[in-house]
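Below is one structure, written out as structure tokens; comments come after it.
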Amino acid sequence: MAGTVVTDSDYHPLKETVHVCPICFESYKTPRFLPCLHTFCHACLSSYIMSSCQQKKRPVGFGCPLCRSFVPAPVYNKSPEKWAENFPIDKPLEALCAKGNEMNYCDPCKRMNEKVRATDWCKECMESLCCACAKAHGRSRTSQNHKLLTLMSEMGAEGGGHSHVDICRTHTKKKIKYFCQDHLIPCCTQCICTEHRGCKQVDSILHEAQTLFKAKKIDSLLVEIEKYGKAVKKLKSEREDNVAELDNSSDTMLQSADELRNKIISHLDAMLEKHKNEISKTIKVCREKQSVAIECFSDHQQLAECYAGTLKKVKEGGASVELVVEYHRIKQELSKILNEKVYSSTLKLSQKMDENLQEILKVAEFGKLNLDECSKGFDYNLALCTMNLIFELDLSDGNVTGGCFLSNEEILLINFETDCLEHFTADGKLSHTLLTNFFPDDACLKNSTMNTLYVTCSDISNEHCGVYMVKLPETNEEAMEILKLPLKKSCYGVTYMSEFLYVACDDVIIKMNCYGDIVWEFQTEYETYSVAVNKKNHIVSSSCSSHSVLAIDEFGQKLFKYKHPELKYPYGLDMDLEGYIFVAGRDSNNIHILSPTGELIKIIPALKPKCIKFRKDSRVCLIGSEKACKTRLCEFTCK
């Protein structure tokens, strides 16, 4: 036999890199490969993606852990923690890892009880082959088109030589051969026989490729990509320039602060020196004044001593003429001196600090820092936008009046026909329903980390109408926490912006703080059921009775009013990330797109839309209808 028979003594295992993940350095567990053909464990790849994207806002991709080449997100409507499962599994490598050390021996030879070193691997048969069996494999009519990989050089951390482009995403063992024009997705033979057997137009994948070339759609898409790239490059350049500007501003502010400090210190030093000089001069004057007084008192002291000495001397001589003369002379002179009333004065020096100077000690900071942020998006033309369906939410048909996006892109819907909050997963599957003791009408998210909501009730037939603060349970076993705010009105649409709650109450918009206190009331038209607020605190609402949209500022002053013959019963509205207004015309079967200043941009057909809610910082939205169809997750894409 041409193959080499081996024993345990001359066994040489394959290189470790063949079946060892380059992240965890252990044998692959569910190996998945990237477009750059590098392979990693599913768990390792998922953890790496999450760590790479956790600081990014709305990430669109990540860098390969090995070659650092950029890997676009496999799906853009799911969070990064779901990306790894959308990369193809490296089936040959998975089979090799499952075989363990047996991968080194030829499988056909083992079936003949022979132990021969394997040199190749067949992707289709998932078997190791020795040199002789590999040649026979290529000669056989049934396996002549099978692709063989060299175990030592072609297997390992490069995806087993795979290309994931031609593999069906649904059936990973099948190759793409068709293209469904109804759903605009590539399919394999199994897809055509199952999910797409009812589709009207299904072409071969080669026919679709030729159509794309003939219609020059590739060139058109390249133009759009180039436009997108230029827009991103411009925004990136603006951010880089802004960083440089911030650095310059920081240097200028630090220099100004230092200059002010030096000026203050110099001024204080000068004032202190002047104060010291004044103290020295005052002390000098006081000293001179007191020295004169001290010298005068010294003379008086000597005069007293002289008088006393003279009297003592004449006293010793007994009674005599001299005694009489000196006694009366000294008595008269002393009487004159005492009549002069010489007093002793004391000088006291004190100081009072300037009150303005004392105020410096109360200054806690050099100045206030103001940071203004101005957001700017891509320069897309909304007049050319289209509304594309991402998926329909399971079991979501009914009278949907409101809802919102929760953390991890999960979804909460309000079905007015029940007294439940319907909780859906990020991919549109109904997770569970939450019972309430009132009929909810709309909801908005207050705290994404705790899934705390504000939920409204418009049922005026009982005392339940108003606004509730609801904390969703983390597990199905926990109870839902509900707290009613002190507002007894029929409440419909609700939104939360800048720590304030805005509630549509039929003919008035009520602005409340987080404690439920009413801050302001804005008068509107009758049957105002929806409200939205932009970053400038401009309030936009729609009236179903007048079929119009009204915008006011934060003080209630009218900004604009929009009416159109093709807008009927606008029950719901919302704004996207750039402040464009999307109005759901229930009875006119359309959605009106307005500019932030109220100009009509485009009207898009839609079946009985009643509720429209955008996901934060995106153009992905929920569109609920009135008993017409399931609630849809859609995205407005612009050319």
Point-to-point label distance, Lys289-Ser69, nm (Cα→Cβ direction, 7 Å offset):
9.6
Cross-link reach from Lys233 to lysines, straight Cα distance under 27 Å and at least 8 residues apart if same chain, gives Lys56, Lys57, Lys78, Lys216, Lys217, Lys376, Lys535, Lys616, Lys639
Here the net charge surrounding His547, from other residues whose Cβ is less than 15 Å away from its Cβ (Lys, Arg +1; Asp, Glu -1), is +1
Solvent exposure, largest accessible area first (probe 1.4 Å, DNA, RNA and ligands not counted), of Phe405, Phe213:
Phe213, Phe405
For the chain, the charge dipole (Cβ of Lys, Arg +1; Cβ of Asp, Glu -1; about the Cα centre) points to a positive end, and the Cα of Tyr454, Pro605, His300 closest to that extreme belongs to Pro605
What does the accessible area per residue of the chain come to in Å², with a 1.4 Å probe and no ligands, DNA or RNA counted?
60
What lysines sit close enough to Lys281 to cross-link, taking a C-alpha to C-alpha distance under 21 Å and skipping anything fewer than 8 places away on the same chain?
Lys289, Lys348, Lys352
Hits among aspartates and glutamates - C-alpha to C-alpha of Lys175 under 18 Å, sequence gap 8 or more where chains match:
Asp90, Glu124, Asp166, Glu195, Asp203, Glu208
Size of charge dipole - the chain - debye, nearest 20, with Cβ of Lys, Arg +1 and Asp, Glu -1, no other charges
1340
Could you work out how far apart the two model spin labels at Asn86 and Glu481 are, taking each label as a point 7 Å from the Cα in the direction of the beta carbon, and quote it in nm?
3.5
First select every other residue whose beta carbon is under 13 angstrom from the beta carbon of Asn589; then total the charges, Lys and Arg +1, Asp and Glu -1.
+1
May I ask for the distance between the Cα centers of region 490-514 and region 573-631, given as a whole number of Å?
20
Can you pull the one-decimal nm distance between simple spin-label points at Lys234 and Leu206, each 7 Å off the Cα toward Cβ?
4.3
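From Cα pairs below 8 angstrom and at least 6 apart in sequence, can you work out the relative contact order of the chain, rounded to a whole percent?
Values: 1115 pairs, mean separation 46.5, N = 639.
In percent, rounded to a whole number, it is 7.
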Using a 1.4 angstrom probe on heavy atoms only, work out the carbon and sulfur share of the accessible area of the chain in %.
54
Listed residue (Tyr562, Ser250, Ala134) projecting farthest to the positive dipole end of the chain, Cβ model:
Ala134
Using Cα pairs closer than 8 Å and at least 6 residues apart in sequence, work out the relative contact order for region 445-549, in percent.
17
Here D for the chain, in µm²/s, from Stokes-Einstein with a Kirkwood Rh over Cα pairs at 25 °C and 0.890 mPa s, works out to 74
With a cut-off of at most 14 other beta carbons within 10 Å, and DSSP calling the residue loop, which GluC sites (Glu not before Pro) in region 454-519 qualify? Please list them.
Glu463, Glu474, Glu477, Glu478, Glu499
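The values are calculated or read from the model by the stated rules, or taken from the named source; none is laboratory data. Quantities reported herein were computed from a predicted structural model and do not represent experimental measurements. Quick reminder, even Gly has a Cβ in these numbers, built from the backbone with ideal geometry, and neighbours come from all protein chains shown. Surface areas here come from the heavy atoms of the whole protein model, side chains and all, with no ligands, DNA or RNA. Shrake-Rupley method; radii C 1.70, N 1.55, O 1.52, S 1.80 Å.
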